[in-house]
Amino acid sequence: MDQYKFNRHDSNLIVNAIVEGYRDYIEHRKERQRHMAISSAFAWTKGNFIESKIAEIGGELNFTYKKAKAGLTWDYLQFIHGDKNQLFLIKNAAYFNEKCFSQALLPTTNKGQIRSYLHELSKINKDLTFENATPQEENSTEKSEQLSFFISERQVRNDLQDFQAAYDEFHILTYKIDDAYQIAEIMHYLPNPEDNIAYKIEDLSEYISGAELSDEERDVIAPDQDNDIIDPAAFDIGIFEEAEEK
């Protein structure tokens, strides 16, 4: 899978942006806690801070970004690497299932999974070569039909055609928050639409620096983590784009 790796410079900058975005989120939580009687709803903004920080470095990496919908109300960013025509997303590893990437993990339920729309995006990769992958056409088709439940079949078909025409590759980067509430792992995956498995391209954790938190910072976000507040971005059921940002 080496041919799908980002170059080291780009990977390093993206990882640094993820860590810095998370730290910006914590600083914001500290400030809100000081000035508001209740501020727990800001726990849902972590992904916004991380994605916004990555968007800030777009000029250094020659990529742009677009807004897309995750569900009915939640926006997230899709990043487009101009040099290689790659689309990539940033995901919280707590909700990401690499063995069945089209379903988001929900740690607070026994059912464990909900349907998401990542499988449709993964069809951008339908002509790519995956090492050690076993074709499962029938299973893939079944999942695609299930996922189209959220929007009309015509919208699925039209948007999918647009995406496949516009991009050559679709990647997913995940960040993992450990028991100390620090970013401890960042992984790079390439999702395969044939078997619904996200294949690991590279462990980017070696680039993590400055992720250590103070006791004060941990105290601010620890209650949210312990209460298993579910990030709305876990409900990835839409790929509709809005106006492109530069």
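A few points about this structure:
- If you take the Cα centroid of segment 37-65 and the Cα centroid of segment 182-205, the two points sit 20 Å apart.
- Converting phi to 3J(HN,Hα) with the Karplus coefficients 6.51, -1.76 and 1.60 and the offset θ = phi - 60°, segment 24-41 yields 4, 4, 5, 4, 5, 4, 4, 5, 5, 5, 6, 10, 10, 5, 9, 9, 5, 5 Hz in sequence order, with x at every glycine or proline.
- Distance (nanometres) between label positions extended 7 Å along Cα→Cβ at Asn62 and Asn85: 1.4
- Between the listed residues Phe42, Gly21, Gly58, the Cα displaced farthest toward the positive end of the dipole of segment 1-59, a dipole computed from Cβ unit charges relative to the Cα centre, is found at Phe42.
- By other beta-carbon atoms within 10 Å, ranking Tyr25, Tyr207 with the fewest at the front produces Tyr207, Tyr25.
- Proxy reagent accessibility, fewest Cβ within 10 Å first, across Thr64, Thr174: Thr64, Thr174
- Relative exposure of Asp195, Asp83, Asp179, judged by other C-beta atoms within 10 Å (fewest first): Asp179, Asp83, Asp195
- Residue-count net charge about Glu212 - beta-carbon cut-off 14 Å; Lys, Arg +1, Asp, Glu -1: -4
Coordinate-derived values only; no laboratory data. Worth saying up front: this structure is predicted, and the values here are computed from it rather than measured. Neighbour counts run over all protein chains shown; Cβ positions are idealised from the backbone, glycine included.
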